Amino acid sequence: MCGIVGYVGPGQALDVVIEGLRRLEYRGYDSAGVAVVADGAITTRKKAGKLANLEAEIAVDPLPASHIGIGHTRWATHGAPNDVNAHPHVSEDGTIAVIHNGIIENFAPLRDKLIAQGVTLRSQTDTEIVAHLLAQQMISTPDLGDALRAVCQELTGAFTLVVVHASTPNKIVAARRNSPLVVGRGVGENFLASDVAAFISHTRNAIELGQDQVVEMTPEAVVVTDFFGNPVEVKEYEVTWDAAAAEKGGYDLFMLKEIAEQPKAVADTLLGRIDLEGRVTLDDLTLDLDYIKNIDKIIITACGTAYHSGMIAKYAIEHWTRIPCEVELASEFRYRDPILTPTTLVIAISQSGETMDTLMAMRYAREQGAKVLAICNSNGSTIPRESDAVIYTHAGPEIAVASTKAFLTQIVACYLFAMYLAQTRGTGYGEAAGEIALELGRMPSKIDLVLDTSGAVNAIAKKLIDKQSVLFLGRSVGFPVALEGALKLKELAYMHAEGFAAGELKHGPIALIEEGIPVFVVVPPVEDELHDKIVSNIQEVRARGAMTIVLAEEGDESIVEFSDHIIRLPKCPALLQPLVSTVPLQMFSCEMATVKGYDVDQPRNLAKSVTVE
Ligand code: M6R
């Protein structure tokens, strides 16, 4: 949460920083602010609401030209999302400006101490105290880097802090604990950001900062130390995508673009991982064979949409490998004393690789002796860095807050791993390997076919615009799809939506059925043992007045007489059906939010990566 940008170099800092903030706005959009250093003084502008408000403010009250600047987009934690609480925050004498992503957990005692010392706080944020602590520290430790290192030792919680000083016009100093921070190395200029997207149009050379590190950045140099000033060796890497991948590319919305990119995202995630005999090869997997053979339990942990992909993966993992598999919300995992042993494999799924709950869950698992495999879309992010092994999804940058292509590729990556496990351990799935592998390879073109249903799906959305509630039903892997359909509708269209396992209907949820309530039903393939049962569920809700929107495979005629609307899915094996059945639900929510006039890419109260617990 929160987007952070810093620039030092010959260019106009404000232009670079605003461009970076535009690319990072998906991380938080409660307020935006910038600070530049010019003529021995710091000047800030900050404004509640979207970046456009800040730009309008700067247009009427311009900032001085400068070659060093920092900027911030906020997702509010401490204090309301207003102008005063917007970052940057400055010290009382105005010489230090600070921006921050994360939560400083010992903020209250530090604030009380500052107040007792006579410091006047202007905001309700935890960030402002850092500006004052730094000002105090610099009395005895005049070097900005040393002062920041000393202050960081006092702080607990999660923080990326970026600081500029009025009398240091060519240096930005930043610190990182538990929240992301990446350096972009240019020629005679350098960048800092929460995400490479902020500087990708300037450089593709990046350095990911590790835990508890401080970076001091001038136009020519990047020096990294730990919080005690010990030098740290850093690894530079090249970002594999370019600026165009982080643009809308002719689409009105990032979400529409990302939905449309799903065939390619799935194909890229499969690329080179299945050989001609249908065998899975995961060359980069750093789990040794002896360990893999001894795994006796798998626990998948993740949040939100990633959690739903884990729920789907469980069906395949248990079916193909016969290894017991649990799926647990990362936010619950470490608080329930889970049973973890060295032969437990924890799979942490995360698009961003920065989700704090998932990070904390996997750290806990490792402390207890389990091994962790990350399924992640963001190269070099914290979760894969701290895992024993990683399988990257190749979805490319996902900018819209609502996760779409990341979800499909997470399922694919989990399936590849499940197949690899079964292959390596010689379990039941072995014989079916070639067939499933072949079918997976056909999924990109099948997803392409589902994209063609957008006209029909959008028409349904328009019809349902005045409905109060929408229900989603599914069974087996269709159940997490139903949950995902409901989550998308809640987060984008702000409608009440619930997903249920259709078999549970008669145990309570059927009481919600009343005249006209829309019920989406995900129907498994005709030959699946659950097919006829869910057709009965459709009849049960229809008999009570529900409007049924049925997602069923081509040629399934059994549902026709009980369906008010039918969305056809290409035929595929039941376990692979989520790769096609989710897509119309994504399109439905996107269209519903659009016709309601909501901001699809940046829904209210949300942020793309949730880097606070
Ligand atoms: O980056 P992650 O995959 O770890 O994010 C997990 C969730 O925050 C994320 O999937 C969230 O639920 C999406 N906004 C849903 O569309």
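The values are calculated or read from the model by the stated rules, or taken from the named source; none is laboratory data. The structure displayed is predicted, hence computed values, not measured ones. Here the Cβ positions follow ideal geometry from the backbone for every residue, glycine too, while neighbour counts run over all protein chains shown. Protein only, heavy atoms only, side chains kept; ligands, DNA and RNA dropped before computing areas. Shrake-Rupley method; radii C 1.70, N 1.55, O 1.52, S 1.80 Å.
Let me make sure I get this right: for the stretch 3-246, a, b and c are the square roots of the gyration tensor eigenvalues over alpha carbons, sorted descending. Under 1.5 in a/c it's rounded, otherwise prolate if a/b > b/c, else oblate. Which is it? Verdict is rounded for the stretch 3-246. Per residue of the chain, the DSSP helices (runs of n ≥ 4 H) give a summed -39500 (n - 2.57) that works out to -10500 deg cm²/dmol at 222 nm. The chymotrypsin sites (Phe, Trp or Tyr not before Pro) found in the stretch 217-277 that occupy coil by DSSP, while having at most 13 further C-beta atoms within 10 Å, are Phe228.
Counting only protein heavy atoms and a 1.4 Å probe, the chain has 36 square angstrom of accessible area per residue. Please go through the residue pairs Lys405/Lys463; Lys446/Lys467; Lys490/Lys608 and name each one whose alpha carbons sit more than 20 Å apart in this structure. Over 20 Å Cα-Cα: Lys405/Lys463; Lys446/Lys467.
Across the chain, the mean sequence separation of Cα contacts (distance under 8 Å, 6 or more residues apart), normalised by length, yields a relative contact order of 12 percent.
Mean separation of Cα pairs under 8 Å and 6 or more residues apart, divided by the residue count, gives the stretch 136-178 a relative contact order of 36 percent.
Leaving ligands, DNA and RNA out of it, rank Ile298, Ile339, Ile465 by accessible area with a 1.4 Å probe, largest first.
Sorted descending by solvent-accessible area, the residues read Ile339, Ile465, Ile298.
To the nearest whole percent, what portion of all C-alpha pairs in the stretch 40-82 is separated by more than 11 angstrom?
That fraction is 70 percent.
When the Cα centres of the stretch 222-243 and the stretch 52-94 are compared, how far apart do they sit, in Å? Each part reduced to its Cα centre gives a spacing of 27 Å. If you line up the long axis of helix 478-493 against the longest principal axis of the chain, both from Cα atoms, how many degrees apart are they, to the nearest 10? Helix 478-493 sits roughly 40 degrees off the main axis of the chain. When you filter the trypsin sites (Lys or Arg not before Pro) in the stretch 151-195 for DSSP loop state and at most 14 other Cβ atoms inside 10 Å of their Cβ, nothing is left. Which percentage, to the nearest 5, of the DSSP beta bridges contained in the chain is antiparallel? Roughly 60 percent of the DSSP beta bridges within the chain come out antiparallel. In the context of the full protein assembly, Asp357 retains an accessible surface of approximately 30 Å², using a probe radius of 1.4 Å and ignoring ligands and nucleic acids. Overall, the anisotropy analysis places the stretch 183-244 in the prolate class: the square-rooted eigenvalues a ≥ b ≥ c of its C-alpha gyration tensor yield a/c not less than 1.5, with a/b exceeding b/c.
In the stretch 454-595, the inverse of the mean reciprocal separation of distinct Cα atoms equals 14.6 Å; this is its Kirkwood hydrodynamic radius. Distance between Cα centroids, the stretch 308-373 to the stretch 410-482: provide it in whole Å. After rounding, the separation between the Cα centres reads 21 Å. Within the stretch 254-450, all pairs of alpha-carbon atoms sorted by distance into 5 Å bins from zero give the percentages 1, 8, 17, 21, 22, 16, 9, 4, 1, 0. Translational diffusion coefficient of the chain (Stokes-Einstein, Kirkwood radius from Cα pairs, 37 °C, 0.692 mPa s): 129 µm²/s. Packing order of peptides 345-354, 29-38, 280-289, 47-56, highest average first: 345-354, 29-38, 47-56, 280-289 (average count of other Cβ atoms within 10 Å over each peptide's residues). For the chain, the longest principal axis of the alpha carbon atoms and the long axis of helix 454-463 meet at an angle near 80°. The trypsin sites (Lys or Arg not before Pro) of the stretch 236-323 meeting both criteria, a DSSP state outside H, G, I, E and B (loop) and at most 16 other C-beta atoms within 10 angstrom of the site's C-beta, are Lys248, Arg279, Arg322.
The Cα center of the stretch 585-613 and the Cα center of the stretch 111-162 differ in position by 35 Å. Once you divide the Cα radius of gyration of the stretch 274-387 by 2.2 N^0.38 Å, the number left is 1.02.
Contact order for the stretch 294-392, expressed relative to its length and based on alpha carbon pairs under 8 Å spaced 6+ residues apart, stands at 27 percent.
Expressed as a whole percent, the accessible area of the stretch 439-511 that falls on carbon and sulfur atoms is 53 (1.4 Å probe).
Count Lys and Arg as plus one, Asp and Glu as minus one, and take only other residues whose Cβ is under 14 Å from that of Glu105; the net charge is then -1. At each listed q (0.19, 0.23 Å⁻¹), what is the log10 of I(q)/I(0) that the Debye formula gives for the stretch 231-308 modelled as equal alpha-carbon point scatterers? The computed values of log10 I(q)/I(0) come out as -1.19, -1.19.
Counting heavy atoms of the protein chains alone, Asp290 has an accessible area of about 110 Å² for a 1.4 Å probe.
Measuring nothing but protein heavy atoms, the accessible surface of the stretch 1-78 at 1.4 Å probe radius is 53 percent carbon and sulfur.
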